[in-house]
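This report refers to the structure that appears directly beneath it.
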Amino acid sequence: MPPAIAELVPEYIRAFEAYTPSRPDPVLMRQYGVEHLHRLNNNENALGPPPAARAVIEAFEAPRSAIYPSGDCYTLRTVLAERFGKDPERFLVGNGSCEVIASVIKAFCEKGDNIITADKTFAVYEWVAEFSGFEARLIPLNNWGFDPDAMLAAMDARTKILFVCNPNNPTGTWWDRDTMERFLRAVAGRAIVVIDEAYCEYVDDERFPDGMELMERHPNVVVFRTFSKMYALAGLRVGYVCGQKEVIDYIRRTHIVYSVNIVGQPAAAAALTDDQEHITATRRMVAEAKALLLPAFDELGLKHVSGDGNFVMVETPASDSLIYRQLMRRGVMVRTMTGFRFPNWIRISLVRQPVMLDFLAAFREVLQNLGKGA
């Protein structure tokens, strides 16, 4: 008799709980009986892509779908190299940042190794490590931010990668240059340090460290960036990692080629050609949204956390899943934060003011009904 299927599966896979994405918007709208849905759950840029990237997408001709894309994103890597003044071979492009996270972990970890990151940050670092059979050591946040000393104290001879989300999703906190430098000197090349800068374009502060510059002094540093957030190409799935040539060569050995689609590559390249106005406009939209939401949360007596990034978190007086369902019935979709280990908090993407006003009206109504016991 053949073994049960479960007996063929490693224990660390059997113990892992799969992530379940939300259903498509039309399905959700039917489920909750609404005619519109404001998407405030995934930190998408409501302004859409920069004009040059938009033009590339609109000009795409359907017959080209029959042609494979560049297997190693040659042209996009060349554009990135020109933008940052580095060799194209120091860039590796993936199907969003999630793919390059997996490639880095596969390249450096083996049985018995561990990675270190925060307990309340982008969960994919932890997920990929654990469903690959590696230990994820999760360090509590300190004052809403990554704790460098505690991360260093957690290191041992089997620590291969330290993930630092800078700015952190979902708190928006970040290490300044001095903090990052002290941390990197203390690591002293004993492990790879991944600096995830998915939201770096949202920071306008001279104290913010530039990972692209740090890697020139610290060869164990690799940097993640994405076109999903600031550049509004989330649906095309383009992210990349940059590091020293030797480091990237090892990561490339674990990386799947042809994974970035034929539209995403040129759209991402074009996005870099005219991005300054787009970045300025997006930062202005985010600042205006914060100026509207944060005083409202103060007025409601609700704790909130808002660093840098196009999102804010607020603590709710009831279950985050209950708040989610009540807001969905009013056509507003937010992110519940229990999965981020912030029970009874929600995260709201910062978008244009009319949508922010709709969110506030719906949120106030939900809280008022909860206060009445409805």
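The values are calculated or read from the model by the stated rules, or taken from the named source; none is laboratory data. Note that this is a predicted model, so its numbers are computed, not measured. Here the Cβ is made from the backbone with ideal geometry for all residues, glycine too, and neighbour counts use every protein chain on show. For the accessible areas, the whole protein counts, side chains as well, though only heavy atoms, and no ligand, DNA or RNA atoms are used. Shrake-Rupley method; radii C 1.70, N 1.55, O 1.52, S 1.80 Å.
Observations, loosely collected:
- Complete set of residues in region 22-49 that are within 26 Å of ASP308 (Cβ to Cβ) and not hydroxyl-bearing (Ser, Thr, Tyr): HIS38, ARG39, LEU40, ASN41, ASN42, ASN43, GLU44, ASN45, ALA46, LEU47, GLY48, PRO49
- From the list ALA186, ALA154, ALA136, ALA150, the lone residue that is over 30 Å from ALA287 (Cβ atoms), out of contact with any strand residue (DSSP E or B) (no Cβ under 9 Å at 6 or more places or on another chain) and not β-branched (Val, Ile, Thr) is ALA186.
- One residue stands out among those in region 57-106 that are of a type in the set (Val, Ile, Thr) and crowded, with 22+ Cβ neighbours inside 10 Å: the one that is farthest from ILE279 (Cα to Cα), which is ILE105.
- Close pairs from region 201-223: first within 18 Å of SER97 (Cα to Cα), partner small (Gly, Ala, Ser) and outside any loop (DSSP other than H, G, I, E, B), Cβ under 6 Å, at least 6 apart: VAL223/GLY211
- Wholly within region 139-222, helices (runs of 4 or more DSSP H) carrying at least 3 residues that are under 18 Å from THR121 (Cα atoms) and open to solvent by 20 Å² or more (accessible area, probe 1.4 Å): 148-154
- Within region 1-53, tally of residues that are without any contact (Cβ under 8 Å) to a residue 12 or more places away in the chain and of a type in the set (D, E, K, R): 6
- Subset of region 307-321 that is hydrophobic (A, V, I, L, M, F, W, C) and more than 14 Å from GLU365 (Cβ to Cβ) - its residue that is surrounded by the most Cβ atoms within 10 Å (Cβ to Cβ): PHE311
- The residues of region 322-374 that are surrounded by fewer than 19 Cβ atoms within 10 Å (Cβ to Cβ) and among the polar types (S, T, N, Q), listed by number, are THR338, ASN344, GLN353, GLN368, ASN369.
- In region 245-358, counting only helices (runs of 4 or more DSSP H) that sit wholly within it, the ones holding 3 or more residues that are within 21 Å of VAL223 (Cβ to Cβ) and in contact (Cβ under 8 Å) with a residue 60 or more places away in the chain span 245-252, 264-271, 275-299.
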